[in-house]
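Derivation of every value follows stated rules applied to the coordinates shown; laboratory data play no part. Because the structure is predicted, anything quoted here is derived from the model rather than measured. Counting neighbours? That spans all protein chains shown, and the Cβs are built from the backbone with ideal geometry, glycine included.
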Amino acid sequence: MKRVVYFLLAFFLVIATSCKDDENPSVSCGVENPAEDLAWMKPVIEELESTEIGRDYGYIRSGDYEGNNYYYVGSCCPHCNWAPIFYNCEGEVQEYLEISDLTEVKLVWKSESNMCDF
């Protein structure tokens, strides 16, 4: 019985020490809080906050494509026609991306009154 306990203890110790997390998996474009730390994103957020539809349905998400971070402004408005607007880390609009191209998609910003269900 002691052998089994020692084996299980050794097994869990090896598993626990062999796993390595990313140094900081939440970093995107070199910052931890893009909504606060990326200067170009602040006016985008202010524009969304300035309208009822933007506050209630607009959001910003990030994702990776071919090793680079990108952001997109989206909407969950049930009665609106919308297309995502993609940005690179410098705030330049990217016209060749689609939401389905992105991996590791994360929510970056939504207003307190946002009705989207993520």
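Name all residues of segment 86-104 having a backbone nitrogen under 16 Å from the label point set 7 Å from the Cα of VAL31 along its Cα→Cβ direction, giving them as ranges.
Flagged as within label range: 87-93.
Using +1 at the C-beta of Lys and Arg and -1 at the C-beta of Asp and Glu, which of ASN81, GLY63, MET41 has the Cα lying farthest in the positive direction of the dipole of segment 40-105?
Going by the Cα projections, it comes out as ASN81.
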